[in-house]
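Report on the structure given below.
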Amino acid sequence: MAAYVIQPGDTPMGIARKFGMSFDAFKAINPGLCDANNHCRVQFPGQVLQVEAPGGAPAAPANPTQPAAGFAPQAPPWMEVALREQNVAEWNPGDNPRIIEYLASVGVRGGDETSWCAAFVNWSIRKAGFRGHNTGLAGPWISYGRAVAPAYGCVVVLQPLSAGASGHVGFLHAMDQSNVWLLSGNSANRVRISAYSRGKLVPGQCFRWPV
């Protein structure tokens, strides 16, 4: 076996194919990664998985960010909170009380059709015991906490995604030369991981970290 450091855009199935492995074999040497129904836990760049490297070729670049000892994610505490909220979605008819709870964290009263991406970020950070920004608007998050280099779980602020729309804010999951993948609320009316063009990043210090 050899260690493989996850790269932006990788998926469990894609990694298995990259090394010529069956998916069952890949799961067997990475216990806890996927369940019996092939529902896999979220991975992020920098995690280390085990693979069978053909011909003994090295599978991982030098200095991996984690020891190659099974699947052991190291996520910031607010990201762990946010990951557990995946697939929370707006209700129709009615209002999802969980989304109403997000909105209440920033003092906003309204139904679950109210823009709630910023409220979700604020709620997740506060649930983890950190100071939020207490605003339901995406734009002001550009001044939240401190500026950082792109890092898994940092807050990312995007420009409006379409004409007449507001901005968007979420947590960084992965990125490459073209896209950033954010775990965010109010993305297609739910909490999910989705790709956005890097061209939509707010100019300046749009990667933020709680203090």
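The values are calculated or read from the model by the stated rules, or taken from the named source; none is laboratory data. Please read these numbers as outputs of a predicted model, since none were measured by experiment. Note that we place each Cβ from the backbone using ideal geometry, even for glycine, and neighbour counts take in every protein chain shown. Only protein heavy atoms, including side chains, enter the accessible area calculation; ligands, DNA and RNA are left aside. Shrake-Rupley method; radii C 1.70, N 1.55, O 1.52, S 1.80 Å.
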From the phi of every residue in the range 196-207, what ³J(HN,Hα) in whole Hz does the Karplus formula 6.51 cos²θ - 1.76 cosθ + 1.60 yield, where θ is phi - 60° and glycine or proline is x?
-> 9, 4, 4, x, 8, 5, 5, x, x, 8, 8, 9
³J(HN,Hα) across the range 168-180 via Karplus (A = 6.51, B = -1.76, C = 1.60, θ = phi - 60°), whole Hz, x for Gly/Pro?
-> 9, 9, x, 9, 6, 9, 6, 7, 9, 5, 10, 9, 10
Kirkwood Rh, angstrom, the range 141-194 [1 / mean 1/r, Cα pairs] | 11.8
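Please state, rounded to one decimal and in Å, the Kirkwood hydrodynamic radius that the range 99-201 gives when every pair of distinct Cα atoms enters the mean of 1/r.
Details: mean 1/r = 0.0735 Å⁻¹.
After inverting the pairwise mean of 1/r, the radius is 13.6 Å.
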Which lysines, on any chain, are close to residue 27 with Cα under 26 Å apart, when same-chain ones fewer than 8 places away are left out?
-> 18
How much of the accessible area of the range 108-200, in percent, comes from carbon and sulfur atoms when a 1.4 Å probe is used?
-> 47
For the range 85-211, what is the accessible area per residue in Å², given a 1.4 Å probe and the full set of protein chains?
-> 46
What nm distance separates the two modelled labels at residue 128 and residue 38, each placed 7 Å from Cα along Cα→Cβ?
-> 3.1
Obtain the nm distance between the two label points defined at residue 1 and residue 80 by a simple spin-label model: each point lies 7 Å from its Cα along the Cα-to-C-beta direction.
-> 2.3
